Amino acid sequence: MAGNLKGFEERLERRRWLVSLIFLAALVAGCFQITPPRHFGAGYEMVDIASSLVAYGSYANPFLALPTGPTAANPPAYPLFLAVLIKLLKTYASIFLAAQLGYILVNAVTAAFFPLVSYVFFGERFPGLVASALWVLAMPMMPSWDVGYTVAGILWFTVFTGLSIQKGESAPVRGLVAGILAGVLFLLNPTSLFIIAPWIVFQFLFSRNRRYVLRFGLVLAGMVFVTAFAWSWRNDRQLGAFVIRTNLGMTLYSSNNDCAESSLLANTARNCYQVHHPNTSVAEAELLRQMGEVAYDRKRIDDTKLWIRANPGSFSELTKTRFVEFWFPILDEHPVATYTIWISTVLSVPGLLFMAFRRQSVIWYILAVLAIYPLLYYIVVSDVRYRYPVLWLTLLAAGFCVKETIEFLSPRVPTLN
């Protein structure tokens, strides 16, 4: 049985057109997600920042309620991309369509990358093929946010660094390229560092050539430092503080209060989000404008701490529910994607056990990321977009489960004639 699967792997290796087929299938599936203009435009922070970039040439005014001035509430890369679309296309409908087409393309690239990521992880492509199929069912269409581009960038980074370290060629040059990619990921979503940094640590711990990985990693880290320093320096000049982001306090405050619900959807339906977040509350936006974004964010962090101390039971219940909703997102307007995430999460558990049984060293990386990355999202309102940056690890673990199950149960596996 294992031999049959190995034979399938060999045939898969010879048929590179299958990757193109995955890409095309993801493109077609993505086209079915195209919708009329909605969930975009005013009220979506990255879109509002993009509009400010076009109108005033500055990262500013992310909130619908009031113009609040320069901002670091969101990272800069995706608003810059949207600003280019706004500048070129002018009309709302064409901008929204272009943003959706960009998402379809980047999701298709991600689907096509899974077999290669699987090869880097496990030395075989079959689990990645399963992950590709699951991704096609679960892939996001969120053109107001960076998440699709962030996932594609993380997969590209993982493959490039993994293969570079395996080959051991030109550590400074390859480390520089990896550092540029990591810098772009940082500017897309700073939390991606909690995914890519453990990958480099894993490579160092399990590499036969640690000296190479150390040189590679130092160049990479230097580039990320330069990127983070440049953005923080801009924030120091514009906002008066050497910070990376300023949205933690407002997110915590709108997530943990007397009317808070566990999810963003429920919080919005109850009108709790609208009252507590400066995006929709004129009072909060005015307070932010008077205090400045940095001081406001620190105040709301302190206010949230006070509420948690005064309401430990409520906070505990919210956190427990959000823990569950991170791994099993609540049903929304995309039930197929939600059910796919649920099924993949269930399959990933035996998949991880199979990895441990097979002594796949990459399990330590997967477990580290899945333990560290979600911690913040257990204490803020749950939303499915928070899950996507690590969903690819769940899909690969689910794919490994399917592979092991086929080897155990089936006398034959599908063949490519």
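Here are a few things to note about the model shown:
- Axis angle, to the nearest 10 degrees, between helix 17-31 and the longest C-alpha principal axis of the chain: 30 degrees.
- Coarse-grained scattering of the stretch 210-286 at q = 0.14, 0.19, 0.27, 0.28 Å⁻¹, given as base-10 log I(q)/I(0) from a Debye sum over alpha-carbon atoms: -0.66, -0.81, -1.11, -1.15
- Where only DSSP H runs of four or more residues are counted, the chain gives -23500 deg cm²/dmol as its mean residue ellipticity at 222 nm, each run worth -39500 (n - 2.57).
- From phi via Karplus (6.51, -1.76, 1.60), per-residue ³J(HN,Hα) for the stretch 193-207 in Hz, x at Gly/Pro: 5, 6, 9, 7, 5, x, 5, 5, 4, 4, 4, 5, 5, 10, 7
- Normalised contact order of the stretch 221-321, rounded percent, pairs of Cα under 8 Å and 6 or more residues apart: 28 percent
- Estimated distance in nm for a label pair at Val84 and Leu21, the labels positioned 7 Å out from Cα along Cα-to-Cβ: 3.3 nm
- Bins of 10 Å from zero: percent of alpha-carbon pairs in the stretch 259-321: 21, 44, 33, 2
- Each Cα pair under 8 Å and six or more residues apart adds its sequence gap; the mean of these over the residue count of the chain is a relative contact order of 21 percent.
- Using a 4.7 Å Cβ-Cβ cutoff, the cysteines of the chain lacking any partner cysteine are Cys31, Cys401.
- Computed over the stretch 261-367, the ratio Rg/Rh where both radii use C-alpha atoms and Rh is Kirkwood: 1.13
- Positive-end extreme of charge dipole, the stretch 2-409 - chosen from Gly249, Ala42, Ala368 (charges on Cβ): Ala368
- Nearest-0.05 FRET efficiency for Ala42 and Val282, computed from C-beta distance (R0 22 Å): 0.90
- Nearest 10 degrees, 0 to 90: helix 126-138 Cα axis against the chain principal axis: 30 degrees
- GluC sites (Glu not before Pro), loop per DSSP, at most 15 other Cβ atoms within 10 Å - longest free stretch of the chain: 1-168
- With contacts taken as Cα pairs under 8 Å at a separation of at least 6 residues, the stretch 295-417 carries a relative contact order of 35 percent.
- Degrees separating the helix 171-188 axis from the principal Cα axis of the chain, which is the longest one: 40 degrees
- In this simple spin-label model, placing a label point 7 Å from the Cα along the Cα-to-Cβ direction at both Val336 and Ala310 gives a separation of 4.7 nm.
- nm² value of the averaged projected area, convex hull over the Cα atoms of the stretch 53-131: 7.4 nm²
- Toward the positive end of the charge dipole of the stretch 207-330, with +1 on the Cβ of Lys and Arg and -1 on the Cβ of Asp and Glu, the farthest Cα among Val219, Gly240, Ile330 is that of Val219.
- Under a model in which nothing but the beta-carbon of Lys, Arg (+1) and Asp, Glu (-1) is charged, the chain shows a dipole of about 1260 debye around its Cα centre.
Every number here is computed from the coordinates shown, using simple stated rules; none is lab data. Being a predicted model, the structure only gives us computed values, none of them experimental. Backbone-built Cβ (ideal geometry, glycine too); neighbour counts: all protein chains shown.
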